[in-house]
Amino acid sequence: MAGDKLTLVFFVDALGWEIARKLGCFRDVAPYSYRQRTVLGYSCAAQPTILTGLMPDEHGHWGMFYRTERSDLRALRSLRFLPKVISSHRRFRRPLLNYHRRRTGFTGYYNLYRIPFHLFGAFDLIEKRDIYAPGAFASGAKSIFDHLAAADVPYRVWTWKHELDEGFAELETAIRDDHKMRFSLHYTPYIDAFLHGHVGDDEAVAGAVALIERRIARVVELARETQGDVNVIIFSDHGMAETTGEHDVISVVAALGLRQGSDYQVFYDSTMARFWFESPHARDRIVGALKELDYGTVLSDADLKREGVFFGDRRFGELIFLMNPTRLIVPSYMGGRAPRGMHGFSPEHRDSYAMLASSFEVDPEPTHIRDSFRVMMQAAGLQPGPETVDGHGDSAGLSGTASDSNQEVTA
Ligand SMILES: [Zn+2]
């Protein structure tokens, strides 16, 4: 049995610690706030870490695309002869993505961005299943939704599949009408999208954040009116840095005269270039060229292991070139222009840090986005499985939360 109290979780993508602290966000509904280190990578790595409490090399998701000889995306290769002016256009890519989703039945979040179509034979998608539902991870990693389902906790979830107003309106309706619901998670990509275009414009950012704050406050107020005391947890997955420079890494590598596909393979994310090599010669040439660049770093295996993103089978890359904070690879397979804001830099950079705010004090203090999992589990009165037991296995420290062993009776 789970906790009696309703737990409301709000996941505000990209609302970093720095901006949230500066604006004094959520003080009324969730006065306890914590700075959380993020993981190296993008939301497709960070969100699984939040939902499972595991690092990317444990849950298995890091880059959105990984290298394989047997890609489920290979049918897209047939579009490789289309003129670039058509194939890279938004008005072509957007309907294509929608068609692709329907055709494949993939329920996870993905985008085809500006990835050259001939590469879809070499790269496949990691998030084929909806990570906001049970049974999402091929690695067998269990998410908060697996635990909620196993414990029969009635829960509802709203994700990127819902429009902002639609999600909040449905959540309010659920609070009013669905008195069985004990846990909800409302995710919004609104701030992420906004900050990509406006980070650094303090007034505009304050306005966008205030809009989300008001929506959350309204939900919490409604929940307190109808259900009394509720647990409130608000967190993000990473921050957003204002970009200061763009660099044409693709041309640097292309100028070496090696052939992509036969000498080496590469995937150009916006802040990382991930390489695979077919010969020591190709490796030497490319590593030599990358080490000459003063706007990024070749990461060592030790770096990758320390960040929890080292994969023995190298499916996400044999060598990772990470751009220095605020510098972008432009063009990349993600886009042809530099957005004003970007994330995916070193987790150590101040604008990379995520936040967690709660209506209750969390002990031990959360310091990493993987701790968001523990906070949700504790609030829902759930015990982690043996693989994540911290040695105590109790949820004391979370005042007023009922658990199996400590069932609280509420009036
Ligand atoms: Zn983003």
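Filtered by the rule that a residue be closer than 27 Å to GLY200 by Cβ, more than 16 Å from the ligand (Cβ to nearest atom) and not hydroxyl-bearing (Ser, Thr, Tyr), the range 33-60 gives ARG35, GLN36, ARG37.
In summary, ASP351 fulfils each of the numbered conditions (1) part of a loop (DSSP other than H, G, I, E, B); (2) within 13 Å of the ligand (Cβ to nearest atom) with the single exception of condition (1).
For the condition modelled with pLDDT of 95 or more, within 15 Å of the ligand (Cβ to nearest atom) and open to solvent by 50 Å² or more (accessible area, probe 1.4 Å), what is the one hit in ARG314, ARG340?
ARG340 is the lone residue from the list that is modelled with pLDDT of 95 or more, within 15 Å of the ligand (Cβ to nearest atom) and open to solvent by 50 Å² or more (accessible area, probe 1.4 Å).
Of all residues in the range 173-189, none satisfies being closer than 24 Å to SER372 by Cα, of a type in the set (Val, Ile, Thr) and in contact with a Cys (Cβ under 8 Å, 6 or more places away or on another chain). Being open to solvent by less than 60 Å² (accessible area, probe 1.4 Å) and away from the ligand (no atom under 16 Å from the Cβ) is the requirement here; does PHE235 meet it? In short, no. The helices (runs of 4 or more DSSP H) found entirely in the range 13-115 that carry 1 or more residues being charged (D, E, K, R) and farther than 23 Å from TYR132 by Cα are 17-23, 84-87, 90-104. Put simply, of ASP248, ASP284, ASP263, ASP269 the only residue that is surrounded by 20 or more Cβ atoms within 10 Å (Cβ to Cβ) and modelled with pLDDT of 95 or more is ASP269.
For ALA30, the requirement of being within 24 Å of ALA208 (Cβ to Cβ), modelled with pLDDT of 85 or more and away from the ligand (no atom under 16 Å from the Cβ) is met.
Suppose the filter is outside the structural domain of VAL12 (by TED's automatic domain parsing), under 22 Å from the mean Cα position of the chain (by Cα) and of a type in the set (Gly, Ala, Ser); does GLY121 pass it? So GLY121 does not fit the description; no.
The values are calculated or read from the model by the stated rules, or taken from the named source; none is laboratory data. Just so it is clear, the model here is predicted, and its values are computed rather than measured. Backbone-built Cβ (ideal geometry, glycine too); neighbour counts: all protein chains shown. Heads up: the accessible areas ignore ligands, DNA and RNA and are worked out on the full protein's heavy atoms, side chains in. Shrake-Rupley method; radii C 1.70, N 1.55, O 1.52, S 1.80 Å.
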